[in-house]
Amino acid sequence: MNVRRDAVPEEPCQCPDCQRFYREHDRLIRENPSLRQQQELNWAALQSFRTLAGRVLEELQKQHGDGEPVATPPATAAGKPEATADAAAPESDAIQQAMADLENINAHLFSIEALMERIFDVRVPEPVEQTFREVAGELAPDPLNADRLRLNRLLHQTPDLPDHRGG
């Protein structure tokens, strides 16, 4: 058997972000140990994310327009120093980029919602729900759960998040 250099570590990461993730992961399993509860939890989380991201995008569009370039302020056009316009340009660009990112997030969330609807079609008999509850009781407290360790590695490899291994 080949051993990969980047194999999942045997010990869970102890950084604050991973520890917070482990606690939340376990709490969600303990408090929602059945398939039905997990379906409802994920649906509610998806809907709340879509609602909040959509509302923030609407607010930004009201305040800054629908992604249109910001017009030059009248003071700059009248010959006053352009320092304030130059300082506002990066902030405006950042807001326009954030609005584009939120539009993409909302599109992705809509796609996830379509997939989640298929998950909601699944119903299992009570003995299977009981197995969910039993496994949840075993899984939640396990700090060396392979899925959790894989997620931990993904968390540290995500380019948008700071790498906590280096300090």
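Could you check, for segment 42-55, whether at least one of its residues is among the polar types (S, T, N, Q), modelled with pLDDT under 90 and not in a loop (DSSP other than H, G, I, E, B)? Scanning segment 42-55, I find no residue that is among the polar types (S, T, N, Q), modelled with pLDDT under 90 and not in a loop (DSSP other than H, G, I, E, B), so the answer is no.
Which of the residues belonging to segment 39-50 are closer than 15 Å to ALA136 by Cβ and touching a residue at least 40 places away in the same chain (Cβ under 8 Å)? Before the answer, list the steps.
Kept after step one, since they are closer than 15 Å to ALA136 by Cβ, are these residues of segment 39-50: 39-42.
Listed by number, the residues that qualify are GLN39, ASN42.
Across segment 93-106, the number of residues qualifying as exposed (fewer than 13 other Cβ atoms within 10 Å of the Cβ) and over 17 Å from the mean Cα position of the chain (by Cα) comes to 3.
Regarding ARG148, is this residue within 27 Å of CYS13 (Cβ to Cβ), surrounded by 13 or more Cβ atoms within 10 Å (Cβ to Cβ) and either of a type in the set (D, E, K, R) or modelled with pLDDT under 85 (or both)?
Details: within 27 Å of CYS13 (Cβ to Cβ): yes; surrounded by 13 or more Cβ atoms within 10 Å (Cβ to Cβ): yes; either of a type in the set (D, E, K, R) or modelled with pLDDT under 85 (or both): yes.
When the stated conditions are applied, ARG148 passes them.
Considering segment 107-128, and only residues there that are in a loop (DSSP other than H, G, I, E, B) and β-branched (Val, Ile, Thr), the residue that is surrounded by the most Cβ atoms within 10 Å (Cβ to Cβ) turns out to be VAL124.
The values are calculated or read from the model by the stated rules, or taken from the named source; none is laboratory data. All values derive from a computational prediction rather than experimental measurement. Neighbour counts run over all protein chains shown; Cβ positions are idealised from the backbone, glycine included.
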